[in-house]
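Novice: Structure below; questions to follow.
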Amino acid sequence: MPADVSTSLNAPDALRQHVCTATADGSWSFKGTLVNTTDKNKVFTVAIAVTAGPAVAGHTLITQAVPAGKSAEIAAPNFAKTKDSAGTCTPVVSVKDAP
(Lines give C-alpha, C1' and ligand atoms only; values in the text may rest on other atoms or scores of the structure.)
Protein backbone atom coordinates (compact mmCIF):
# COMPACT_ATOMS: atom_id res chain seq x y z
CA MET A 1 0.00 0.00 0.00
CA PRO A 2 1.59 3.31 -1.01
CA ALA A 3 2.23 5.95 1.61
CA ASP A 4 -0.08 8.93 1.65
CA VAL A 5 2.11 11.68 0.26
CA SER A 6 -0.61 14.32 0.31
CA THR A 7 0.27 15.25 3.91
CA SER A 8 3.99 15.56 3.17
CA LEU A 9 5.18 18.90 1.82
CA ASN A 10 8.49 20.13 0.51
CA ALA A 11 10.18 22.25 3.17
CA PRO A 12 13.44 23.57 1.72
CA ASP A 13 13.46 26.55 4.11
CA ALA A 14 13.59 24.24 7.14
CA LEU A 15 17.14 23.11 6.34
CA ARG A 16 19.67 25.71 7.46
CA GLN A 17 23.45 25.94 7.39
CA HIS A 18 23.80 22.66 5.59
CA VAL A 19 27.07 21.48 4.13
CA CYS A 20 27.83 18.46 2.05
CA THR A 21 31.51 17.83 1.55
CA ALA A 22 33.77 15.21 0.06
CA THR A 23 37.26 14.26 1.12
CA ALA A 24 39.98 13.98 -1.52
CA ASP A 25 39.37 10.23 -1.70
CA GLY A 26 35.65 10.72 -2.41
CA SER A 27 33.99 10.03 0.93
CA TRP A 28 30.90 12.28 1.28
CA SER A 29 29.43 13.62 4.51
CA PHE A 30 26.42 15.84 5.19
CA LYS A 31 25.40 17.97 8.15
CA GLY A 32 22.86 20.67 8.77
CA THR A 33 20.19 22.04 11.07
CA LEU A 34 16.45 21.50 10.75
CA VAL A 35 14.37 24.40 12.07
CA ASN A 36 10.68 24.03 12.93
CA THR A 37 9.23 27.56 12.80
CA THR A 38 5.66 26.37 13.34
CA ASP A 39 3.62 25.95 16.52
CA LYS A 40 3.16 22.20 15.89
CA ASN A 41 5.53 19.27 16.29
CA LYS A 42 6.80 18.14 12.88
CA VAL A 43 8.67 15.19 11.39
CA PHE A 44 11.19 16.13 8.72
CA THR A 45 12.64 13.77 6.16
CA VAL A 46 15.83 14.77 4.38
CA ALA A 47 16.83 12.77 1.31
CA ILE A 48 20.41 13.38 0.23
CA ALA A 49 21.90 12.10 -3.01
CA VAL A 50 25.38 12.40 -4.45
CA THR A 51 25.69 12.17 -8.21
CA ALA A 52 28.83 11.97 -10.31
CA GLY A 53 27.73 12.76 -13.85
CA PRO A 54 24.64 10.65 -14.60
CA ALA A 55 25.42 8.05 -11.91
CA VAL A 56 24.13 8.11 -8.34
CA ALA A 57 27.17 7.51 -6.14
CA GLY A 58 25.24 7.18 -2.92
CA HIS A 59 22.23 8.39 -1.00
CA THR A 60 20.81 8.46 2.49
CA LEU A 61 17.58 9.32 4.26
CA ILE A 62 17.38 11.13 7.59
CA THR A 63 14.10 11.28 9.50
CA GLN A 64 14.05 13.67 12.44
CA ALA A 65 11.23 14.80 14.71
CA VAL A 66 11.54 18.48 15.68
CA PRO A 67 9.31 19.97 18.40
CA ALA A 68 7.40 23.19 17.73
CA GLY A 69 9.70 26.21 17.65
CA LYS A 70 12.86 24.11 18.06
CA SER A 71 15.75 23.00 15.89
CA ALA A 72 17.76 19.79 15.54
CA GLU A 73 21.20 19.01 14.21
CA ILE A 74 21.36 16.24 11.61
CA ALA A 75 24.35 14.47 10.09
CA ALA A 76 25.18 11.67 7.69
CA PRO A 77 28.89 10.88 7.81
CA ASN A 78 30.50 8.97 4.94
CA PHE A 79 27.21 8.08 3.24
CA ALA A 80 28.47 8.10 -0.36
CA LYS A 81 31.66 7.27 -2.23
CA THR A 82 33.02 8.72 -5.48
CA LYS A 83 36.40 8.20 -7.09
CA ASP A 84 37.51 11.68 -6.01
CA SER A 85 35.90 14.80 -4.58
CA ALA A 86 34.03 15.62 -7.80
CA GLY A 87 30.25 15.27 -7.66
CA THR A 88 27.02 17.01 -6.80
CA CYS A 89 25.23 16.69 -3.48
CA THR A 90 21.53 17.51 -3.41
CA PRO A 91 19.33 17.50 -0.29
CA VAL A 92 15.54 17.44 -0.53
CA VAL A 93 13.46 18.16 2.57
CA SER A 94 9.88 17.15 3.25
CA VAL A 95 7.80 17.68 6.37
CA LYS A 96 4.64 16.28 7.92
CA ASP A 97 2.80 16.72 11.18
CA ALA A 98 4.15 14.58 13.99
CA PRO A 99 1.79 11.76 15.06
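Novice: Report yes if some residue within the stretch 6-15 is open to solvent by 40 Å² or more (accessible area, probe 1.4 Å), among the charged types (D, E, K, R), within 21 Å of Ala98 (Cβ to Cβ) and at pLDDT below 95; otherwise report no. Break it down stepwise before answering.
Specialist: Taking the stretch 6-15 first, the residues open to solvent by 40 Å² or more (accessible area, probe 1.4 Å) are 6-10, 12-13.
From what is left, the residues that are among the charged types (D, E, K, R) are 13.
Filter once more, so that each one left must be within 21 Å of Ala98 (Cβ to Cβ): 13.
Going one step further and asking which of them are at pLDDT below 95, we end up with 13.
Yes, some residue in the stretch 6-15 is open to solvent by 40 Å² or more (accessible area, probe 1.4 Å), among the charged types (D, E, K, R), within 21 Å of Ala98 (Cβ to Cβ) and at pLDDT below 95.
Novice: To continue, here is another question. Could you tell me whether the stretch 54-65 includes any residue that is small (Gly, Ala, Ser), at pLDDT 95 or above, open to solvent by 40 Å² or more (accessible area, probe 1.4 Å) and over 13 Å from Val19 (Cα atoms)?
Specialist: Yes: one or more hits.
Novice: If you don't mind, another one. Whether any residue in the stretch 39-52 is touching a Gly at 6+ places or on another chain (Cβ under 6 Å), of a type outside the set (Val, Ile, Thr), farther than 12 Å from Ala14 by Cβ and not in a loop (DSSP other than H, G, I, E, B) is what I want to check.
Specialist: yes
Novice: Now a separate question. Given the structure, is Thr90 in a strand (DSSP E or B), open to solvent by 50 Å² or more (accessible area, probe 1.4 Å) and either over 10 Å from Trp28 (Cα atoms) or without any contact (Cβ under 8 Å) to a residue 60 or more places away in the chain (or both)? Before you say what the answer is, go through the steps one by one.
Specialist: Details: in a strand (DSSP E or B): yes; open to solvent by 50 Å² or more (accessible area, probe 1.4 Å): yes; either over 10 Å from Trp28 (Cα atoms) or without any contact (Cβ under 8 Å) to a residue 60 or more places away in the chain (or both): yes.
Criteria met by Thr90.
Novice: Let me ask something else about it. Gly69 - would you say it is more than 11 Å from the chain's Cα centre (by Cα), in contact (Cβ under 8 Å) with a residue 24 or more places away in the chain, at positive phi and buried (at least 17 other Cβ atoms within 10 Å of the Cβ)? Break it down stepwise before answering.
Specialist: Working: more than 11 Å from the chain's Cα centre (by Cα): yes; in contact (Cβ under 8 Å) with a residue 24 or more places away in the chain: yes; at positive phi: yes; buried (at least 17 other Cβ atoms within 10 Å of the Cβ): no.
Against the criterion (more than 11 Å from the chain's Cα centre (by Cα), in contact (Cβ under 8 Å) with a residue 24 or more places away in the chain, at positive phi and buried (at least 17 other Cβ atoms within 10 Å of the Cβ)), Gly69 does not qualify.
The values are calculated or read from the model by the stated rules, or taken from the named source; none is laboratory data. What you see is a predicted model, and the numbers here were worked out from it, not measured in a lab. All Cβ positions, glycine included, derive from the backbone under ideal geometry; neighbour counts span all protein chains shown. Just the protein is used for accessible areas: all its heavy atoms, side chains included, with ligands, DNA and RNA removed. Shrake-Rupley method; radii C 1.70, N 1.55, O 1.52, S 1.80 Å.
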